[in-house]
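> Sharing a structure, written as structure tokens. Questions coming.
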Amino acid sequence: MALLEASNVVAGYGETEILHGVSISVNKGEIVTIIGPNGCGKSTLMKAIVGLVRVRTGAVRFRGVDISRLEPEQTVRSGLCYVPQSDNIFPSMTIRENLEMGAFVRRDDFRHRIDEMFELFPDLKRSARMKAGRLSGGQRQMLAIARALMLDPVLLLLDEPSAGLAPGLIHTVFERIRGINETGVSLLLVEQNARESLRMSDRGYVLSGGDNQIEDSGPALLNNPEVGRLYLGG
Ligand SMILES: Nc1ncnc2c1ncn2[C@@H]1O[C@H](COP(=O)(O)OP(=O)(O)OP(=O)(O)O)[C@@H](O)[C@H]1O
Ligand SMILES: [Mg+2]
């Protein structure tokens, strides 16, 4: 059984249907990347999975349970954490406060988890008292990811974690993502830096026009001439 299984998901905004029946899955331990042109509905799919956009028809199952009618707070509790494409930190709070906010639904003592995050992201530890708004783009992204990890998710959904970063930093973000995966967290990513993301992915999907177009292993998508021409810059 897949960890996450979205089947024939239809979703949209108001009168407009954006996803016309999209199906994807993530198995335990996998990194899965979704690529596709701007505006095709990648972020909408992520939001539908975590309950921020209503699933009109179709289903989202997580660990065998239908979560497609749950509120975002409930999907978080079930082990799904989502880092949105933008506005994913609190700029006027310090780094430590951001991490504490990330743990808001935890009832136990989460200080040890903050220490673990500082081990995983040493940059953040050095500036723990700094206002998050002063961080560079790359560090912000790390903080956003660390914040989501505060809840010990089973599956982490990252919407364009490397967007807008300098090439050197893009590489660092992907290294960190790989490290997170090695701690046992499964990952579903949306990425514009498709080539690099597919390289570390077990599988990938090409979404286009609100429908799935192609599903394959990361290497197979990288070697697919049509995918290369349309989505990987030749
Ligand atoms: N809140 C909203 N209300 C109405 N339309 C929306 C809303 N959010 C997104 N859309 C529209 O839905 C479509 C899909 O948007 P979405 O953000 O899911 O695409 P995307 O694949 O993530 O694009 P990008 O690569 O630019 O991030 C777009 O046409 C967008 O304009
Ligand atoms: Mg998007």
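The values are calculated or read from the model by the stated rules, or taken from the named source; none is laboratory data. Just so it is clear, the structure is predicted and the values come from calculations on it, not from any experiment. Note: ideal-geometry Cβ built from the backbone for every residue, glycine included; neighbour counts use all protein chains shown.
> Just for strands (runs of 3 or more DSSP E) wholly inside segment 171-234: which have at least 2 residues that are under 13 Å from the mean Cα position of the chain (by Cα)? Spell out how you get there, then give the answer.
Working: elements: 186-190, 203-208, 211-217.
Here the list reads 186-190.
> Go through segment 73-113 and count every residue that is farther than 15 Å from residue 128 by Cβ, more than 16 Å from ligand 1 (Cβ to nearest atom) and touching a strand residue (DSSP E or B) at 6+ places or on another chain (Cβ under 9 Å).
8
> On to the next question. Please work out if residue 163 is within 22 Å of residue 106 (Cβ to Cβ) and small (Gly, Ala, Ser).
Numbers: within 22 Å of residue 106 (Cβ to Cβ): no; small (Gly, Ala, Ser): yes.
Spelling it out, it is not the case that residue 163 is within 22 Å of residue 106 (Cβ to Cβ) and small (Gly, Ala, Ser).
> So, one more: Among the numbered conditions (1) farther than 17 Å from residue 86 by Cα; (2) more than 16 Å from ligand 1 (Cβ to nearest atom); (3) modelled with pLDDT under 95; (4) in a helix (DSSP H, G or I), tell me where residue 138 comes up short.
(1)
> Among (1) more than 20 Å from the chain's Cα centre (by Cα); (2) at pLDDT 90 or above, which single condition is residue 143 missing?
Condition (1) is where residue 143 drops out.
> So which residues in segment 27-48 are out of contact with any helix residue (DSSP H, G or I) (no Cβ under 8 Å at 6 or more places or on another chain) and within 15 Å of ligand 1 (Cβ to nearest atom)?
If the condition is that a residue be out of contact with any helix residue (DSSP H, G or I) (no Cβ under 8 Å at 6 or more places or on another chain) and within 15 Å of ligand 1 (Cβ to nearest atom), then 38, 39, 40, 41, 42, 43, 44, 45, 46, 47, 48 are the ones that fit.
> Follow-up. Please determine whether any residue of segment 209-225 is surrounded by fewer than 17 Cβ atoms within 10 Å (Cβ to Cβ), within 16 Å of ligand 1 (Cβ to nearest atom) and among the small types (Gly, Ala, Ser).
Checked against the condition, which is being surrounded by fewer than 17 Cβ atoms within 10 Å (Cβ to Cβ), within 16 Å of ligand 1 (Cβ to nearest atom) and among the small types (Gly, Ala, Ser), segment 209-225 yields at least one hit.
> Residues that are among the β-branched types (Val, Ile, Thr) and either buried (at least 16 other Cβ atoms within 10 Å of the Cβ) or more than 13 Å from ligand 2 (Cβ to nearest atom) (or both), at least 3 per element: which strands (runs of 3 or more DSSP E) completely within segment 1-83 meet that?
Counting at least 3 such residues, we get 16-26, 31-35.
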